[in-house]
């Protein structure tokens, strides 16, 4: 535990934790220093040790989230589990994306700040919570830096000691640098994005392919097979039904462990390679609708309309993930 900088600091740390538990992060931390007449947010009224207490609260919540992600990683096989190339070396981030927000996180404004785009990758997962906490950490250090130029060195030394896994994050927040900036080498090329790897044995593949063939013209079956095998094709092929029936199958493939791509990656692959049949002919998939089905189960087909009902591709209700 952090030793108090003075006799009241442990009390202020407690108060800081209580403040963070009930705050709206946007109202608390969003600061526009360019307008002297603007109403200043609540964070500017806090005492130093309240700020320091709020910082430790943020770091404690990050530890909890990463512990959950690490547990899932180990349950899936640890170092042996395949992860997308884009997440090599960032496995915890990948597994944070696999855990949907619980009601605990959904019920607090702290974890659902309005300046985080609901269409952004991971908004409905623990990765979205983690990003919100990163922003809170940056805003809190911004306030300290605005007041004094730098944080108390004794406090910095103690949180570095207490949270060694977050030393780099603390340094970035302290210096006002941006978080989570990916190196260019991590960005996928256009060719990479065109492929999706589905981890099936031969019997499973044959069953999935055979069922899907019923919804595509015979002339597109070869392209369909190539796509399901993780190969790119020229142009788009047309699913002869509503898009939600197609997309829901890939949601099931993901939560049953046959797909390791993020919901964003799956959405992009579907939208880049498929059309669906409407009353006026083939139409592009709607990105927002695809995202809602993949990440929120919003707009899923009815049980009667669901396709690819295999024993190994179990359907799970959204309540299972809460």
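The values are calculated or read from the model by the stated rules, or taken from the named source; none is laboratory data. Note that the structure is a prediction, hence the values are computed from the model and not measured. Note: ideal-geometry Cβ built from the backbone for every residue, glycine included; neighbour counts use all protein chains shown.
Descriptive notes on the structure:
- Sub-6 Å Cβ pairs linking a first residue in the stretch 231-252 that is surrounded by 22 or more Cβ atoms within 10 Å (Cβ to Cβ) to a second residue that is part of a strand (DSSP E or B), at least 6 apart or interchain, are 239/274; 239/276; 243/276; 246/239, ordered by first then second residue.
- Check on residue 92, in contact with a strand residue (DSSP E or B) (Cβ under 9 Å, 6 or more places away or on another chain), surrounded by 15 or more Cβ atoms within 10 Å (Cβ to Cβ) and modelled with pLDDT of 70 or more: no
- In the stretch 303-320, the residues that are free of Cβ contacts under 8 Å to residues at least 60 places away in the same chain and either in contact with a strand residue (DSSP E or B) (Cβ under 8 Å, 6 or more places away or on another chain) or surrounded by 12 or more Cβ atoms within 10 Å (Cβ to Cβ) (or both): 309
- Residues in the stretch 286-302 that are buried (at least 18 other Cβ atoms within 10 Å of the Cβ) and either part of a strand (DSSP E or B) or more than 22 Å from the chain's Cα centre (by Cα) (or both): 301 only.
- Any hit, the stretch 184-206, residues being modelled with pLDDT of 95 or more and crowded, with 19+ Cβ neighbours inside 10 Å: no
- Positions within the stretch 211-230 being surrounded by 16 or more Cβ atoms within 10 Å (Cβ to Cβ) and touching a residue at least 40 places away in the same chain (Cβ under 8 Å), in sequence order: 212, 215, 227
- Among the residues of the stretch 231-259, those that are touching a strand residue (DSSP E or B) at 6+ places or on another chain (Cβ under 8 Å), in a loop (DSSP other than H, G, I, E, B) and closer than 22 Å to residue 309 by Cα comprise 240, 241, 242, 258.
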